[in-house]
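Quick notes on the structure that follows.
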There are 4 protein chains.
Amino acid sequence: MTEPLDVAKLQCRLAEFAAARNWQPYHTPKNLVAALSVEASELVEIFQWLTPEESMRVMDDPDTAHRVTDEVADVLAYLLQLCEVLEIDPLAALDAKIDRNERRFPAP
Amino acid sequence: MTEPLDVAKLQCRLAEFAAARNWQPYHTPKNLVAALSVEASELVEIFQWLTPEESMRVMDDPDTAHRVTDEVADVLAYLLQLCEVLEIDPLAALDAKIDRNERRFPAP
Amino acid sequence: MTEPLDVAKLQCRLAEFAAARNWQPYHTPKNLVAALSVEASELVEIFQWLTPEESMRVMDDPDTAHRVTDEVADVLAYLLQLCEVLEIDPLAALDAKIDRNERRFPAP
Amino acid sequence: MTEPLDVAKLQCRLAEFAAARNWQPYHTPKNLVAALSVEASELVEIFQWLTPEESMRVMDDPDTAHRVTDEVADVLAYLLQLCEVLEIDPLAALDAKIDRNERRFPAP
């Protein structure tokens, strides 16, 4: 039986993967944010010529669904590696941000 | 005592936040990937004129550390909302991607 | 009587502007492409929640029209500075690219 | 003898190219800014793992020089098409922006 996935476990896998290939010298925060933005744009590329309605149906086509899932994984990979290098807890950061947004944009 | 944070719980908070403000009509996959890429670029903006060495010390300054953490939260917020709308499990997507990358880039 | 604007004249103005402020050390190709992508995203930010129809009317509102024009200028500024540093002729590059695209995507 | 290239002539070529392929319906301002940001990121991708020093030598390798020039052309193509659709004069926009920047950042 496998244990459930969590962010810390994936960060470990990513760190081991990079270490085994000696990629850490490339993983400066500056390079990781550039790579993150490049992967985010690869996600945009899939959607750039679609209408809003077509964009809601991207998962209907198995090939496009696979591409989207793959790019989501790449964005998350660089985000988690950035957080590891900068010692940021991404889930705590988001939880705190939602708290601030609830004060900043009060619900009607 | 609060329970530990996890991705599903944050996705719930984000969905409730958007629903309370009637923001769901704006949250098409096309718009969410655009917003994700914009937030990724706001992270790049913090680093754009820094040397690689300076980029490694961004967390030493409390104001910059706060900005970086805030932008990380924004990127994660849009990524999780996109995954919710498209019914993608981001952690499973990344786990599967690391498996594929291990075959694609064998460790030396 | 002023002479018509051209790309070379604007590249001169940009180079003098940067030199007068000692900004050239920051203007590595790597940093300039990052800045270019950040400015392109600031343009995306203006459009991210608009419908396709609303996006066609952005110039009707003078404030938004000014913002869009300003971001277009920023994108062009970094593109021309990158071309200057790398000795690329941007108009010749585009002309050659349209030639290639005409062969790659023959008109029906 | 061919006349010198200028922005207006390239905008004409781009408009004819799109019209001949019936691509105008895709060329909403919202889609064009997305495509512009995707092309800017493809430029970033070439530089993402390079040191500042390596980034200054990208034109030494003919293949990389070709890739960089090609992406510069793509960025310019979408910028000029956006300007055409929104009736923005890109050179005048940049000239006005440099004027404003000279007042905003006085030279020392």
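Here's the yes/no breakdown for (1) touching a Leu at 6+ places or on another chain (Cβ under 8 Å); (2) charged (D, E, K, R); (3) over 18 Å from A:N101 (Cβ atoms):
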position: B:I46; (1), (2), (3): no, no, yes
position: B:D60; (1), (2), (3): no, yes, yes
position: B:V72; (1), (2), (3): yes, no, no
position: B:V85; (1), (2), (3): yes, no, yes
position: B:D89; (1), (2), (3): no, yes, yes
position: B:L94; (1), (2), (3): yes, no, yes
position: B:K97; (1), (2), (3): no, yes, yes
position: B:R104; (1), (2), (3): no, yes, yes
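Can you confirm whether the range B:39-46 contains a residue that is loosely packed, with under 15 Cβ neighbours inside 10 Å, under 29 Å from D:P29 (Cβ atoms) and more than 13 Å from the chain's Cα centre (by Cα)? Checked the range B:39-46: no residue is loosely packed, with under 15 Cβ neighbours inside 10 Å, under 29 Å from D:P29 (Cβ atoms) and more than 13 Å from the chain's Cα centre (by Cα).
Of the residues making up the range C:83-100, those that are more than 7 Å from every other protein chain (Cβ to nearest Cβ), part of a helix (DSSP H, G or I) and either surrounded by 15 or more Cβ atoms within 10 Å (Cβ to Cβ) or under 16 Å from the mean Cα position of the chain (by Cα) (or both) are C:E84, C:V85. Checking each residue in the range A:54-73 for being at the interface with chain B (Cβ under 7 Å from one of its Cβ atoms) and either within 15 Å of the chain's Cα centre (by Cα) or surrounded by fewer than 17 Cβ atoms within 10 Å (Cβ to Cβ) (or both) picks out A:M56, A:M59, A:V68, A:T69, A:D70, A:V72, A:A73.
Within the range D:5-18, can one find any residue that is of a type in the set (F, W, Y) and either within 14 Å of the chain's Cα centre (by Cα) or within 17 Å of C:L80 (Cα to Cα) (or both)? Scanning the range D:5-18 turns up no residue that is of a type in the set (F, W, Y) and either within 14 Å of the chain's Cα centre (by Cα) or within 17 Å of C:L80 (Cα to Cα) (or both). In the range A:91-105, the residues that are farther than 13 Å from B:R21 by Cα reach residues that are at pLDDT below 95 with C-beta atoms within less than 6 angstrom, at least six apart or across chains, in these pairs: A:L91/B:L5; A:D95/B:L5.
Checked against (1) of a type in the set (A, V, I, L, M, F, W, C); (2) surrounded by fewer than 16 Cβ atoms within 10 Å (Cβ to Cβ); (3) modelled with pLDDT of 95 or more, B:A107 passes all but a single condition, namely (3).
Yes or no, residue by residue, for (1) in contact with a Phe, Trp or Tyr (Cβ under 9 Å, 6 or more places away or on another chain); (2) modelled with pLDDT of 95 or more; (3) aliphatic (A, V, I, L, M):
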position	(1), (2), (3)
D:F17	yes, yes, no
D:V38	yes, yes, yes
D:E42	no, yes, no
D:E53	no, yes, no
D:M59	no, yes, yes
D:R67	no, yes, no
D:V75	no, yes, yes
D:D89	no, yes, no
D:A93	no, yes, yes
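Would you say B:N22 is within 24 Å of A:R57 (Cα to Cα), crowded, with 20+ Cβ neighbours inside 10 Å and free of Cβ contacts under 8 Å to residues at least 24 places away in the same chain? No: the conditions fail for B:N22. Scanning for something without any contact (Cβ under 8 Å) to a residue 60 or more places away in the chain, closer than 15 Å to D:K30 by Cβ and not hydroxyl-bearing (S, T, Y), does the range C:79-90 turn up at least one residue? No, the conditions are met nowhere in the range C:79-90. Would the range D:4-18 turn up any residue that is on the phi < 0 side of the Ramachandran plot, in contact with a helix residue (DSSP H, G or I) (Cβ under 6 Å, 6 or more places away or on another chain) and within 14 Å of chain A (Cβ to nearest Cβ)? Yes, because at least one residue in the range D:4-18 is on the phi < 0 side of the Ramachandran plot, in contact with a helix residue (DSSP H, G or I) (Cβ under 6 Å, 6 or more places away or on another chain) and within 14 Å of chain A (Cβ to nearest Cβ). List pairs: first in the range D:25-53 and in contact (Cβ under 8 Å) with a residue 12 or more places away in the chain and more than 7 Å from every other protein chain (Cβ to nearest Cβ), second among the aromatic types (F, W, Y) and buried (at least 22 other Cβ atoms within 10 Å of the Cβ), Cβ under 8 Å, 6+ apart or cross-chain? Pairs found: D:L32/D:Y78; D:E39/D:Y78.
The values are calculated or read from the model by the stated rules, or taken from the named source; none is laboratory data. These numbers were taken from a predicted model, which means no experiment stands behind them. Glycine also receives a Cβ, built like all others from the backbone with ideal geometry; neighbour counts cover every protein chain displayed.
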